[in-house]
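The values are calculated or read from the model by the stated rules, or taken from the named source; none is laboratory data. In this text, all values refer to a predicted model and were calculated from it rather than measured experimentally. Quick reminder, even Gly has a Cβ in these numbers, built from the backbone with ideal geometry, and neighbours come from all protein chains shown. Heads up: the accessible areas ignore ligands, DNA and RNA and are worked out on the full protein's heavy atoms, side chains in. Shrake-Rupley method; radii C 1.70, N 1.55, O 1.52, S 1.80 Å.
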Amino acid sequence: MLPGSRWVIFTIWGGSDELARVGLLSRDDGSVRVLADGTYARYLPSGHILFFQGSRPLLAPFDAERGHILGPPRPPAEIEATGPWGLRQIAIADDGLLVQATPAQNRPVWLDLEGGETEVGIPAGHYSAPALSSAGDRLAVSMTSPGEWADIWIFDLHDQRKTRLTFTGVNESPVWIEKDRSLVFWSERQGTRTLYRRRADGAGDAEMVGDLDHGRPVAATADGAYVITNHAGGVWLVPTDGGEARPLHQTPFLAGNADFSPDGSSYVFMSNESGAFQAYLSKVDGSAGRVPISQGVVVDLLWSPRGDVILYRGEGTIFRVDVELTPELRVGSPIEVAPDRYTRTTGRDWSFAPDGQRVLLLSETEPARLSLAENWLSEATAGSTP
């Protein structure tokens, strides 16, 4: 609410930042007026408004009595360009103190099944949801560059060259399909968050996979015909050719983060049906019921490409579970692999190498921090008269 209590400034959300507007609501008659393209506007005691267009902060002189922007917006100093979500995590005190939260940086590393860690050779950045190709020669990852949205990038692990795959919207959670020829990913664009697919060599445009939000992709079937998604509290299979999605595991509780065995006969998933998230193994044909395979709380899990090991991330520890599917199902007890000091986000933040002997994770190189700038307001608004 602005001074005088006549106006309320707010975001008119159009489904994505690209379609969002800064709105002004009159408390006198209930009318709404658009002030500018943007989001997260706030009124400052200097007589300015600060808002964001995409990941770009803008400052403009503002008449709080009449509800009008008085001059062209300009980018303020001292606010770091660390991507859209970090940029919005700011607070400004009445005395002009600026406080900004800057997200952590990380880098990809290898972790073998004995707990040994080695470097991948890719420089630090703001990465999430790494996905190795089935050949192990390329890494797809969601990366946020300074002042940019999150996009899908592909790194060649032989020479660390990188190629940008997406250029529109917010793009996350890549999954390889079609024998590494294409990727499916989750994208928010044109007011809708849904699945898209694009050839890994960048040829052609990204194509929508269906026209609904089927949830975040976490894996694909061995033949690439389906991606596995977390959706509506359960595990879903979404055809990569755009056909009708179907549930793999539905429950009145929460379930997700599934992964298939290499032969496609079985899958693992996590569910909170016991009161806390645990890992379970099931046969696709339903013949094995749900077999618990974990101890303690589970955050995520992966099935090795060799089929003989399942890894899961617990509270502070990574565990391995040895498994045999034939001639009959045998599940070993969890064995500690290493302390889990690696990045966790809302997606799947690790990926098995094709030999099944190591996984790629994201290791923090620079922690999240709070930056302070005293007298920021007076300096940022100098020469700009409301």
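Filtering the stretch 267-311 to residues that are open to solvent by less than 40 Å² (accessible area, probe 1.4 Å), on the phi < 0 side of the Ramachandran plot and of a type in the set (Gly, Ala, Ser) leaves Ser271, Ala276, Ala279, Ser282, Ala288, Ser294, Ser304. Of the residues making up the stretch 208-218, at least one is more than 30 Å from Gly289 (Cβ to Cβ) and in a strand (DSSP E or B).
Looking at Ala382, Ala373, Ala368, which is the one that is at pLDDT below 90, aliphatic (A, V, I, L, M) and closer than 18 Å to Ala124 by Cβ?
On the way: Ala382 fails: closer than 18 Å to Ala124 by Cβ; Ala373 fails: closer than 18 Å to Ala124 by Cβ.
Residue meeting the stated conditions: Ala368.
Within the stretch 212-241, the set of residues being over 15 Å from Arg193 (Cα atoms) and not aliphatic (A, V, I, L, M) comprises Thr221, Asp223, Gly224, Tyr226, Gly233, Gly234, Trp236, Pro239, Thr240, Asp241. Criterion applied to Ala104, Ala91 was being open to solvent by 10 Å² or more (accessible area, probe 1.4 Å), modelled with pLDDT under 95 and closer than 30 Å to Ala382 by Cα, and the one residue passing it is Ala91. Scanning the stretch 14-33 for residues that are under 30 Å from the mean Cα position of the chain (by Cα) and hydrophobic (A, V, I, L, M, F, W, C) returns Leu19, Ala20, Val22. Does Glu188 fit the bill of being part of a loop (DSSP other than H, G, I, E, B) and not β-branched (Val, Ile, Thr)? Answer is no for this residue. Of the residues making up the stretch 36-51, those that are part of a strand (DSSP E or B), open to solvent by 10 Å² or more (accessible area, probe 1.4 Å) and under 18 Å from Glu65 (Cβ atoms) are Ala41, Arg42, Tyr43. Is there a residue in the stretch 344-364 that is out of contact with any Leu (no Cβ under 8 Å at 6 or more places or on another chain), assigned to a strand (DSSP E or B) and within 30 Å of Ile92 (Cα to Cα)? For the stretch 344-364, residues out of contact with any Leu (no Cβ under 8 Å at 6 or more places or on another chain), assigned to a strand (DSSP E or B) and within 30 Å of Ile92 (Cα to Cα): present. So, in the stretch 5-35, of the ones that are open to solvent by 70 Å² or more (accessible area, probe 1.4 Å) and assigned to a loop (DSSP other than H, G, I, E, B), which residue ends up farthest from His68 (Cα to Cα)? Looking at the filtered set, the residue picked out is Trp13. Pairs are defined by a Cβ separation below 7 Å, a sequence spacing of at least 6 or placement on different chains, a first member in the stretch 119-131 that is among the charged types (D, E, K, R), and a second member that is open to solvent by 30 Å² or more (accessible area, probe 1.4 Å) and at pLDDT 95 or above; no pair meets this definition.
Please work out which residue is nearest to the chain's Cα centre (by Cα), limiting yourself to the stretch 365-380 and to residues that are among the charged types (D, E, K, R) and open to solvent by 100 Å² or more (accessible area, probe 1.4 Å). Only one residue fits best here, namely Glu374. Each residue in the stretch 313-330 was checked for being crowded, with 17+ Cβ neighbours inside 10 Å and more than 20 Å from Leu248 (Cα to Cα), and 7 of them qualify. In the stretch 193-226, the qualifying residues are those that are surrounded by fewer than 20 Cβ atoms within 10 Å (Cβ to Cβ) and of a type in the set (A, V, I, L, M, F, W, C), and the one that is modelled with the lowest pLDDT is Leu212.
Taking the stretch 125-160 as the range and being in a loop (DSSP other than H, G, I, E, B) and either under 26 Å from Lys179 (Cβ atoms) or modelled with pLDDT of 95 or more (or both) as the test, the residues that pass are Ser133, Ser134, Ala135, Gly136, Asp137, Leu157, His158, Asp159, Gln160.
Which residues, counting only those in the stretch 27-39, are over 21 Å from Pro72 (Cβ atoms) and in contact with a Lys or Arg (Cβ under 7 Å, 6 or more places away or on another chain)?
Those that are over 21 Å from Pro72 (Cβ atoms) and in contact with a Lys or Arg (Cβ under 7 Å, 6 or more places away or on another chain): Arg27, Asp28.
Screening the stretch 299-342 for residues that are in a loop (DSSP other than H, G, I, E, B) and of a type in the set (A, V, I, L, M, F, W, C) and picking the one that is nearest to Ala222 (Cα to Cα) gives Leu325. Selection of the stretch 280-297 for residues being of a type outside the set (D, E, K, R) and touching an Asp or Glu at 6+ places or on another chain (Cβ under 9 Å) yields Tyr280, Gly296, Val297. Scanning the stretch 180-192 for residues that are surrounded by fewer than 20 Cβ atoms within 10 Å (Cβ to Cβ) and either modelled with pLDDT under 95 or among the small types (Gly, Ala, Ser) (or both) yields a count of 4.
Per this entry, Gly233 is counted among residues that are free of Cβ contacts under 8 Å to residues at least 24 places away in the same chain and open to solvent by 10 Å² or more (accessible area, probe 1.4 Å).
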